[in-house]
Amino acid sequence: MMRKHLVGIAVAAAALCAAGSARAQAVYSFESGLEGFAPNGGGATVDWDVVGATEGAYSMKVSVVGGATFVGALTANVAAAIGDPPGVNAILFDMTIPSEFTGSFALVGVTVFAASQPDYPGGQQFGLQAQFADFEHIGGKAAGTYNDVRIDLDSTTHPLTFATGQSFNDVFGGVGSGPTDLIPTGFQLFFNKSNDAPLTVYIDNIRTVIPEPATAGMLAAACALLGLARRRRG
């Protein structure tokens, strides 16, 4: 009977652990303009457009000339969900590719620019950046709209401590939250491509993926219970 009870607990706890709930919060909709986005790097242009609008009527068009390689669409208008970090796991956005990229490779990812704490030893530093390892391939995709493109913010190098494998939540915080917590000052979608073809994409409906606080507590308890059940069964 005890064994059956523990098995039931383990199954229920495993289901809760696997069902991690998170909410997506809109941060850039482009309905009122480009929201500060501009090209970062030579050979790129950023325009307000209607093509590829998946939420509302407007989108952001990013064009990169053939000879350019690594550029970005960068804004210093840091949305509250990014600028005062509540715990960001990932970025979601919708992407429309008007025609298939004909070069060797093209991809999109996320970089967050930052400053150190005001009282950082030696003085506050600016222009720091955390480029996350996850990315989405653009090259090889057929023309069309791709909804809910996800970039996980779970692996970067901390610009101050140089620790690797850091998540957004390891690197960023608010003023006074920790001596090495960085304060976000800019959000960028970077585009890395080969120099053998131009690239045009339309971006819309940029969102953050944030774990639900109540669910996070439930999951922690469920996972702890699962561990206990496994130890008793062992």
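The values are calculated or read from the model by the stated rules, or taken from the named source; none is laboratory data. Remember, it's a predicted structure, so these values are computed and weren't measured experimentally. All Cβ positions, glycine included, derive from the backbone under ideal geometry; neighbour counts span all protein chains shown.
Return yes when Thr185 is in a loop (DSSP other than H, G, I, E, B), among the hydroxyl-bearing types (Ser, Thr, Tyr) and modelled with pLDDT of 95 or more and no when it is not. Taking the combined requirement at face value, the residue does not satisfy it.
With a requirement of 3 or more residues that are more than 18 Å from the chain's Cα centre (by Cα), buried (at least 19 other Cβ atoms within 10 Å of the Cβ) and not assigned by TED's automatic domain parsing to the domain that holds Phe37, none of the strands (runs of 3 or more DSSP E) lying completely within the range 80-174 satisfies it.
Could you check the range 152-173 and list, in sequence order, the residues that are among the small types (Gly, Ala, Ser) and under 24 Å from Pro118 (Cα atoms)? Matches in the range 152-173: Ala163, Ser167, Gly173.
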